[in-house]
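First, the structure itself, so that you have it in front of you.
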Amino acid sequence: MTKILISADMEGATGVTWPADCLPGTPEWQRCRPMFTSDVNAAVAGFFDGGADEVLVNEAHMTMRNLLLEQLDDRASMLTGRHKALGMVEGVQHGDIDGIAFVGYHTGAGDEGVLAHTYLGNSLTGVFVDGVRASEGLLNALVAAEYGTPVVLVTGDDRTCADARGYAPDAPAVAVKDHVSRYAAVCRTPARTAAAIRAAAARAVALAVRHEPAAPVPRNVEIEFDAEHLAGAATVVPGVERTGPCRVAYTAPGMYEGIRCFKAVTTLVSAAVEEWYG
Ligand SMILES: [Zn+2]
């Protein structure tokens with residue numbers, strides 16, 4: 001019995017290169033939703049080709065209401081909507097996920113990559129875990145590891161694939177586009193990317209072997225903002241302390257608490273961003 005969880009973000013989907021492409025409600029987003037759904041369907045089909053028994057898709061982008069359920073592979077189930085304990089990797093905490101796939105992922109704030117960011121589209125210029133610059137992929141991989149779940153597949157732009165080598169060196173990584181700038185990429189068509197994702201997902205099932213959950217390790221998480229008052233806003237969260245004019249840090253007993261505190265910080269900070277001056 002092999003169960004796969006797909007964490008589906010949209011910035012790294014086929015054809016997506018511009019904020020409006022993944023901004024809910026825009027005509028561009030409506031146009032890109034089928035391409036995003038195509039990437040996810042390719043991964044679902046590949047996982048079943050490779051022998052998986054169950055696939056759960058967790059929406060992980062913005063409102064978490066982007067994928068087209070009516071076009072989803074019938075064999076998969078989908079968790080849609082916001083306010084989930086673990087957000088992007090909701091479901092991994094139940095301890096029955098043998099492998100997790102990051103589909104449509106992107107690089108982190110401060111790195112090269114199409115639509116690179118970490119949770120907040122702007123304002124946040126870097127996240128560092130134990131001193132290492134972290135993407136959402138790395139943060140979520142550390143959370144999954146606490147439940148014994150390995151990352152088995154990553155898709156996104158070519159920079160995202162390079163980033164994945166750092167946290168999931170054995171997992172197949174599929175570049176659906178090649179980075180040119182933060183808002184430009186050389187894109188491959190949905191038919192081509194679907195074939196590549198499906199083949200990689202089929203191979204990835206062999207890596208879906210759940211381990212004993214690792215004991216949580218205390219983690220230092222440091223966050224850098226582009227304005228001083230945002231660091232001040234973040235210190236409202238108990239345990240979050242200022243480490244510089246635009247920086248705060250906290251130490252979490254493990255990554256479950258680490259990612260939940262990060263969520264609290266980004267939620268508070270986004271409410272403190274003013275329209276013209278940030
Ligand atoms: Zn996203």
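For the stretch 122-145, which positions are within 13 Å of ASN220 (Cβ to Cβ), in a strand (DSSP E or B) and within 16 Å of the ligand (Cβ to nearest atom)?
Once the filter is applied, which keeps residues that are within 13 Å of ASN220 (Cβ to Cβ), in a strand (DSSP E or B) and within 16 Å of the ligand (Cβ to nearest atom), the stretch 122-145 yields only VAL127.
Among what's in the stretch 1-21 and is within 13 Å of the ligand (Cβ to nearest atom) and either free of Cβ contacts under 8 Å to residues at least 24 places away in the same chain or of a type in the set (Ser, Thr, Tyr) (or both), pick the residue that is most open to solvent (accessible area, probe 1.4 Å).
Filtering first and then ranking leaves ASP21.
Being open to solvent by less than 60 Å² (accessible area, probe 1.4 Å), in a strand (DSSP E or B) and not acidic (Asp, Glu) is the filter; apply it to the stretch 54-93 and report the residue that is nearest to the ligand (Cβ to nearest atom).
By that ranking, first place goes to ASN58.
Shifting gears a bit: Any residue that is of a type in the set (A, V, I, L, M), closer than 18 Å to THR149 by Cβ, more than 16 Å from the ligand (Cβ to nearest atom) and modelled with pLDDT of 95 or more - is there at least one of those in the stretch 22-42?
Kept after step one, since they are of a type in the set (A, V, I, L, M), are these residues of the stretch 22-42: 23, 35, 40, 42.
Checking the rest, the ones that are also closer than 18 Å to THR149 by Cβ come to none.
No, because not a single residue in the stretch 22-42 is of a type in the set (A, V, I, L, M), closer than 18 Å to THR149 by Cβ, more than 16 Å from the ligand (Cβ to nearest atom) and modelled with pLDDT of 95 or more.
Then there's this: Examine the stretch 169-188 for a residue that is assigned by TED's automatic domain parsing to the domain that holds THR155, part of a helix (DSSP H, G or I) and charged (D, E, K, R), and state whether such a residue exists.
Checking the stretch 169-188: not a single residue is assigned by TED's automatic domain parsing to the domain that holds THR155, part of a helix (DSSP H, G or I) and charged (D, E, K, R).
Also: Residues to consider are ARG165, ARG159, ARG182; find the one that is over 12 Å from the mean Cα position of the chain (by Cα), free of Cβ contacts under 8 Å to residues at least 40 places away in the same chain and open to solvent by 50 Å² or more (accessible area, probe 1.4 Å).
Selected residue: ARG165, the only one of ARG165, ARG159, ARG182 that is over 12 Å from the mean Cα position of the chain (by Cα), free of Cβ contacts under 8 Å to residues at least 40 places away in the same chain and open to solvent by 50 Å² or more (accessible area, probe 1.4 Å).
Right, here's the next one. Could you say whether any residue in the stretch 230-246 is free of Cβ contacts under 8 Å to residues at least 60 places away in the same chain and basic (Lys, Arg)?
yes
Follow-up. Return the pairs, sorted by first residue and then second, in which the second residue is within 16 Å of the ligand (Cβ to nearest atom) and part of a loop (DSSP other than H, G, I, E, B), the first residue lies in the stretch 42-66 and is without any contact (Cβ under 8 Å) to a residue 60 or more places away in the chain and of a type in the set (Val, Ile, Thr), the beta carbons are less than 6 Å apart, and the residues are 6+ apart or on different chains.
These pairs meet every condition: THR63/PRO24.
Do the conditions hold for ASP130, that is, is it loosely packed, with under 14 Cβ neighbours inside 10 Å, under 19 Å from ALA144 (Cα atoms) and touching a residue at least 12 places away in the same chain (Cβ under 8 Å)?
yes
Kindly establish whether VAL237 is open to solvent by 70 Å² or more (accessible area, probe 1.4 Å), assigned to a loop (DSSP other than H, G, I, E, B) and not aromatic (Phe, Trp, Tyr).
Answer is no for this residue.
The values are calculated or read from the model by the stated rules, or taken from the named source; none is laboratory data. Predicted, not measured: the structure shown is a model, and the values here were computed from it. Every residue, glycine as well, gets a Cβ built from its backbone with ideal geometry; the counts of neighbours run over all protein chains shown. Quick note on the areas: whole protein, heavy atoms, side chains included, nothing else; ligands and nucleic acids left out. Shrake-Rupley method; radii C 1.70, N 1.55, O 1.52, S 1.80 Å.
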